[in-house]
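Here's the structure, in structure tokens; my notes come after.
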Amino acid sequence: MSDGDGRRQPKYQRIAAQLRAAIEVGDYGPGERLPGENDLMAEHGVARMTARQALAVLQAEGVVEARKGVGVFVRDFRPVRRRGIQRLAHARWGTGQSIWSADAEDRELVVDSVEVTEAEAPAVVAGVLNLAEEARVCVRRRRFLLDGKPVLLSTSYLSAELVAGTPIAQPDTGPGGTYARLEELGHRPIRFREEIRCRMPSGEEADRLALPPGVPVVLVARTAYDAGGLAVEVNDMVLDAFAYILEYDFEG
């Protein structure tokens, strides 16, 4: 962008760009407070509304967060590296490990909310799981926290008839989780398919993930298949886009 283009930008955008650049080079590190509205007004000779708009731009981008009565701070959170292939390997869940532990590394990953219900299968889910009309599904809803911060909402759907009376229909599925229990039922998942897209969160998703305004979410829809090609689980996940790096390894 030329200097002329920069001068044509509204003042609040130029101030936001300067602050963004300062964050990128480390002048303001994670958790540090940015100059307040009064500081920006004095430094740039602008009105309060202009200073407020500049800070609002960075908040909308998810770069900073406002703390009521304290100020605006650079978001302080180390991204989660989601290793899409390693986490689903039988060597992990087949030995009693949680697939989610692959994301946590040396950090504290906890499930702070688990809800297990039975419901009529949504049409899309019924189609993927090859269920008859009005078939019932076991629905497992969970929220994951990393270092005390909500980062992921997960909703799994499985045939209620298949998992009835098993730990899958209980909050605690036991070592290795759902996939280990499916293996015990003779439906070991051997193939997975994931679809990924992004959008802005719903109000409920923003609340449950404690997202600042303007931060999008990543949607991951995973289907697990057994050796006979039967889809045995559909898992819809909502991820804080700011918190995650999606990593996939492939061999050519």
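Quick grid of which residues meet (1) closer than 19 Å to Gly84 by Cβ; (2) touching a Phe, Trp or Tyr at 6+ places or on another chain (Cβ under 8 Å):
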position: Pro150; (1), (2): no, yes
position: Thr173; (1), (2): no, no
position: Ala206; (1), (2): no, no
position: Tyr244; (1), (2): yes, no
> Would it be correct to say that Glu204 is on the phi < 0 side of the Ramachandran plot and surrounded by fewer than 14 Cβ atoms within 10 Å (Cβ to Cβ)?
Replying inline: yes
> Within the bounds of the stretch 131-141, is there any residue that is buried (at least 18 other Cβ atoms within 10 Å of the Cβ), basic (Lys, Arg) and at pLDDT 95 or above?
Replying inline: yes
> Can you tell me which residues in the stretch 166-205 are under 22 Å from the mean Cα position of the chain (by Cα) and over 19 Å from Glu115 (Cα atoms)?
Replying inline: Phe192, Arg193, Glu194, Glu195, Ile196, Arg197, Cys198, Arg199, Met200, Pro201, Ser202, Gly203
>> Can you tell me which condition Leu239 does not meet? The list is (1) assigned to a strand (DSSP E or B); (2) among the aliphatic types (A, V, I, L, M); (3) free of Cβ contacts under 8 Å to residues at least 40 places away in the same chain, and all the others hold.
In response: (3)
> Has the stretch 141-156 got any residue that is assigned by TED's automatic domain parsing to the domain that holds Thr95 and part of a helix (DSSP H, G or I)?
Replying inline: no
>> I want to confirm something. Restricting to the stretch 87-115 and keeping residues that are modelled with pLDDT under 80 and touching a helix residue (DSSP H, G or I) at 6+ places or on another chain (Cβ under 8 Å), which single residue is surrounded by the most Cβ atoms within 10 Å (Cβ to Cβ)?
In response: Asp103
> Mind checking which residues of the stretch 224-252 are more than 15 Å from Arg197 (Cβ to Cβ) and of a type in the set (Ser, Thr, Tyr)?
Replying inline: Tyr225, Tyr248
> Considering only strands (runs of 3 or more DSSP E) fully contained in the stretch 8-127, which possess at least 3 residues that are of a type in the set (Val, Ile, Thr), closer than 25 Å to Asn235 by Cα and free of Cβ contacts under 8 Å to residues at least 40 places away in the same chain?
Replying inline: 109-120
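The values are calculated or read from the model by the stated rules, or taken from the named source; none is laboratory data. In this text, all values refer to a predicted model and were calculated from it rather than measured experimentally. Every residue, glycine among them, receives a Cβ derived from its backbone with ideal geometry; neighbour counts consider all protein chains shown.
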